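Below: the structure, in structure tokens.
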Amino acid sequence: MTYSILKAEQALQSNSEALNLRWYPRYHLAARAGWINDPNGLVWFDGWYHAFYQHYPYSPHWGPMHWGHARSRDLVHWEHLPVALSPQGPEDKDGCFSGSAVVDGDTLALIYTGHKFHGDPGDEKNLYQVQCLATSRDGVHFERQGIVVDTPPGLHHFRDPKVFREGNNWYMVVGARLEDTGQIRLFRSTDLRHWQEEGILDEAEEEMGFMWECPDLFVLNGKHVLMFSPQGMSANGFNNRNLFQCGYLTGEWHPGQPFVRSGTFTEMDNGHDFYAAQSFLTPDGRRVVIGWLDMWESPLPERADGWAGMLSLPRELTLSENNRIQMRPAKEVEGLRQSWFPWPVNTMKNQQIKVVENAEAMEVILCWDCAGSDAEQYGLSLGDGLRIYVDSQLQRLVLERNYPQHSLVGTRSVPLSDGTPLTLRLFIDSSSVEVFVNDGETCMSSRIYPDTDRRELALFSWSGTAVLSDAGAWQLE
Ligand code: FRU
């Protein structure tokens, strides 16, 4: 099959009419139809935020990658635009893989990976990945400029360029796999077209993965942060439980030098579904990330409905005193709030109290008085498939999903400090939940698949008493 933007648009037009919308997001970004994975090319250009994404318009399965495209004035109301890139040149004939966007004067420049096999695609030795450029004046139609960085000798997996400006230079970080070692390669340019290799920015030691995808390098609070998505890390206790991780290292970087770490790898999000995050700057200087709210090889039951995958809420980053990233919903998310419903619940003892009949698009606020609570388990449930609760024996906040009919059963959790109050902001959408713990301390995000008639919210406290100092929900637009 040959691909073009016109064909993609025709397919999307007819496929989007046939969607079953039971789990389609009410306020998150998803494709009009078909498949979505990584966010790409997040950027502010000419008065709009642009979000591109890995996209296969023809079916809800991964296929030769296109770049889907949407724009927004406020990061929460998105308008779909025509597909921006389709795999149609010799340099990207098997896919337009992930990449980034920068504003160069009056031009919007996309830098992405051309994915191609020279010969039999069943053999990885035939795989070549190159970095390509496409430019636009209107932010909607893109002109392909071809390859700007060829595959370095010895590499096959070499992808996901993230470009940023530092002084008079453009820099590009690219994920790579050298035999079984994940790496990040660094390049420099003055014109986005001619690039000089500057060596290895950082690479995996034992247990840090065979491939580092989607690298990103930025400054928070005077420190450099290297965010990336390693493949091949093993699970370790409560950490690294997902198939692949998305996390960061903090440290120092000076142009032309390798990255000097000052800490160990930390996951961005401790839920089941958060990967391939990318950051960008807002015009007022905030560092915001959006991730893919899914995980490779997850069952994605919404495939039955003609679509697959969604992006996370935009999350603003800060760095705490102890060099940990704090993630809070970008302030624009508050713009979705409609009415506030306080829940008149204070003390619960061995009981369950229904608080909402049908939760579809809601922001829930819960403040637990942990010192005053002795229940073994207390928290919130959605239907019979999701519970978010304090396990006081484990001293952890647990997110449990239980959808055996969709092969999705299991927990993720984060540690709690003894006896301090626990504040939660939970964002519920048709098939997702994002839990922000203690004003950005940690975050857990997972896809959920409630039956349409089982979306009631209830508070519960088992084996003892639980005390709430504040509880309620915003209906979201
Ligand atoms: C990450 C990733 C990238 C690649 C893209 C392909 O999820 O594997 O490394 O560019 O997805 O769709």
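When you check residue 201 against the structure, is it within 16 Å of the ligand (Cβ to nearest atom) and buried (at least 16 other Cβ atoms within 10 Å of the Cβ), yes or no? Step through it out loud before you land on a result.
Values: within 16 Å of the ligand (Cβ to nearest atom): no; buried (at least 16 other Cβ atoms within 10 Å of the Cβ): yes.
It is false that residue 201 is within 16 Å of the ligand (Cβ to nearest atom) and buried (at least 16 other Cβ atoms within 10 Å of the Cβ).
In region 146-159, is there at least one residue being without any contact (Cβ under 8 Å) to a residue 24 or more places away in the chain, touching a His at 6+ places or on another chain (Cβ under 9 Å) and not aromatic (Phe, Trp, Tyr)? So far as region 146-159 goes, no, none of its residues is without any contact (Cβ under 8 Å) to a residue 24 or more places away in the chain, touching a His at 6+ places or on another chain (Cβ under 9 Å) and not aromatic (Phe, Trp, Tyr). Just so you know, in region 264-294 the residues that are within 16 Å of the ligand (Cβ to nearest atom) and of a type in the set (Asp, Glu) include one that is surrounded by the fewest Cβ atoms within 10 Å (Cβ to Cβ), and it is 267. The C-beta contact set for region 382-397 (first residue open to solvent by 10 Å² or more (accessible area, probe 1.4 Å) and part of a strand (DSSP E or B), second residue of a type in the set (Val, Ile, Thr) and at pLDDT 95 or above, distance under 8 angstrom, 6+ apart or interchain) comprises 387/398; 389/398; 391/398; 396/390; 396/414. Residue 245 meets all of the listed conditions (1) surrounded by fewer than 16 Cβ atoms within 10 Å (Cβ to Cβ); (2) under 18 Å from the mean Cα position of the chain (by Cα) but one, namely (1). A residue that is modelled with pLDDT of 95 or more, at positive phi, within 25 Å of the chain's Cα centre (by Cα) and not in a loop (DSSP other than H, G, I, E, B) can be found somewhere in region 155-175.
Residues in region 212-248 that are more than 18 Å from residue 177 (Cα to Cα) and part of a loop (DSSP other than H, G, I, E, B): 221, 222, 235, 237, 238, 240, 241, 242.
Scanning region 90-140 for residues that are part of a loop (DSSP other than H, G, I, E, B), touching a residue at least 40 places away in the same chain (Cβ under 8 Å), open to solvent by 10 Å² or more (accessible area, probe 1.4 Å) and away from the ligand (no atom under 16 Å from the Cβ) returns a single hit, 140.
Would you mind stating whether residue 38 is under 22 Å from residue 282 (Cβ atoms), of a type outside the set (S, T, N, Q), in contact (Cβ under 8 Å) with a residue 40 or more places away in the chain and away from the ligand (no atom under 16 Å from the Cβ)? Step through it out loud before you land on a result.
Working: under 22 Å from residue 282 (Cβ atoms): yes; of a type outside the set (S, T, N, Q): yes; in contact (Cβ under 8 Å) with a residue 40 or more places away in the chain: yes; away from the ligand (no atom under 16 Å from the Cβ): no.
No: the conditions fail for residue 38.
The values are calculated or read from the model by the stated rules, or taken from the named source; none is laboratory data. Note that this is a predicted model, so its numbers are computed, not measured. Note: ideal-geometry Cβ built from the backbone for every residue, glycine included; neighbour counts use all protein chains shown. Quick note on the areas: whole protein, heavy atoms, side chains included, nothing else; ligands and nucleic acids left out. Shrake-Rupley method; radii C 1.70, N 1.55, O 1.52, S 1.80 Å.
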